[in-house]
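Colleague: Let me begin by handing over the structure; questions about it come next.
Taken together, the values in this text are just the output of simple stated rules run on the coordinates, not laboratory data. Bear in mind that the values here come from a model prediction, so they are computed numbers and not experimental data. Here the Cβ positions follow ideal geometry from the backbone for every residue, glycine too, while neighbour counts run over all protein chains shown.
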Amino acid sequence: MKRKPTVFGNWKLHNTLKDSEELARAIIDGAAPYADRCHVGFAPVFTALCTVAEHTRKSTTCTLLAQNGYPKPNGAFTGEVSFSLIKDVGCTGVLVGHSERRHLFGESDELVGEKVESALQTGLTVVLCLGETLDEREAGHTWEVVDRQLTSAMFHVPPALRDKVIIAYEPVWAIGTGKTATPLQAQEVHALIRKRIEENWLAESAQSTVILYGGSVNAKNAQELFSQPDIDGALVGGASLKPESFLEIIKAAAESAATK
Ligand code: 13P
């Protein structure tokens, strides 16, 4: 099965409401020529979701994602936002288990697993983020870490919801550092992830699951990364904040479809 190239922007803690709206509009317009060949989306800050949703709702080009969510529908959870509210505001997907959530906010594999389950049950697409730290890579534990994060979060997902899971492999040492994993380093981990999906689910699921790479992706390195057989697109941080660079990455992803 052919997987559609996918490029998502994670805007992290950036942009006022006005900036978010302008950026969303520029991307929606600029991505239109690639819409049939590339799935494009972006995740603004929570406070901008409602306004940006007015634009994504009218667009056939881009989908709206949230950066995080909480796995309880409602209740005494001050400061949290449930997946059902995220859906209610107009998001179709959500990032779960981003390394900044795991490392800065102490999210455990167990909590990430609960979030995956709750978000999927709500009807959202989940972008499950995983990846090793520099220490873990240097100690030769890359696959052990990625496999643990993958297994604990994903393999209890029932068959009917499996096509709603997208994986984003984001080595922590490559995020925001300007140090991209080489295309071969990324491909090696992506291929292992796909193999593990095949072992735990089915060959068919393994072939249809979109696996994104994230970590210092930019307009210059995107094409080479996307030329790898198991890299289906990117989750982009810094370079998604400027329409020009994000649109170049989208173009590279759309064009990669013809070569695979
Ligand atoms: P950078 O592209 O800024 O390295 O961020 C990657 C990332 O964390 C996307 O979720």
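Colleague: Give me the extension gain from Phe105 to Thr60: residue separation times 0.36 nm, minus the current Cα-Cα distance, reported in nm with one decimal.
Modeller: 12.8 nm
Colleague: Please list 125-135, 107-117, 158-168 highest first by mean number of surrounding beta-carbon atoms within 10 Å per residue.
Modeller: For the peptides 125-135, 107-117, 158-168, the packing ranking is 125-135, 107-117, 158-168.
Colleague: For segment 47-122, build the charge dipole from Cβ charges (+1 Lys, Arg; -1 Asp, Glu) around the Cα centre, then report which of Cys50, Gly93, Gln121 sits farthest towards its positive end.
Modeller: The residue sitting farthest along the positive end of the dipole is Cys50.
Colleague: If you consider only alpha-carbon coordinates, what radius of gyration and Dmax does segment 8-50 have, in Å?
Modeller: Expressed in Å, the Cα Rg and Dmax of segment 8-50 come to 10.8, 30.
Colleague: How big is segment 158-223 on each of its three principal axes, counting only the C-alpha atoms and giving the largest first in Å?
Modeller: Extents along the principal axes: 38, 21, 20 Å.
Colleague: Quick one: of Lys87/Lys164; Lys115/Lys242; Lys18/Lys72; Lys18/Lys115, which pairs are farther than 24 Å apart, Cα to Cα?
Modeller: Over 24 Å apart, Cα to Cα: Lys115/Lys242; Lys18/Lys72; Lys18/Lys115.
Colleague: Also: Suppose R0 equals 25 Å; then what is the FRET efficiency for Lys164 and Asn74 from their Cβ-Cβ distance, rounded to the nearest 0.05?
Modeller: My answer for the efficiency is 0.65.
Colleague: Further, regarding this structure: Compute the distance in nm between two label points, each set 7 Å from the Cα along the Cα-to-Cβ direction, one at Gln185 and one at Asp29.
Modeller: Going by the 7 Å Cα→Cβ label model, 3.8 nm.
Colleague: Can you find, among Ala181, Ala257, Pro71, the residue farthest towards the positive end of the dipole of the chain? Put +1 on the C-beta of Lys and Arg, -1 on that of Asp and Glu.
Modeller: Of the listed residues, the answer is Ala257.
Colleague: Per residue, how much space in cubic angstrom lies within the convex hull of the C-alpha atoms of segment 101-172?
Modeller: 81
Colleague: Any idea how far the Cα center of segment 127-174 sits from the one of segment 78-125, in Å?
Modeller: Each part's Cα centre sits 15 Å from the other's.
Colleague: So, one more: Under unit Cβ charges (Lys, Arg +1; Asp, Glu -1), what dipole magnitude, rounded to 20 debye, does segment 114-256 have relative to its Cα centre?
Modeller: Magnitude of the dipole: close to 280 debye.
Colleague: Under a Cβ-only charge scheme (Lys and Arg +1, Asp and Glu -1), can you give me the dipole magnitude of the chain about the Cα centre, in debye to the nearest 20?
Modeller: Value, rounded to 20: 600 debye.
Colleague: Taking a quarter of the surface of the convex hull around the Cα atoms of the chain, what do you get in nm²?
Modeller: Over every viewing direction, the Cα hull of the chain projects on average to 12.6 nm².
Colleague: While we're on this one: With no solvent and one equal point scatterer placed on each C-alpha of segment 7-110, evaluate the Debye formula and give log10 I(q)/I(0) for q = 0.21 Å⁻¹, two decimals.
Modeller: Relative scattering, expressed as log10 I(q)/I(0), comes to -1.11.
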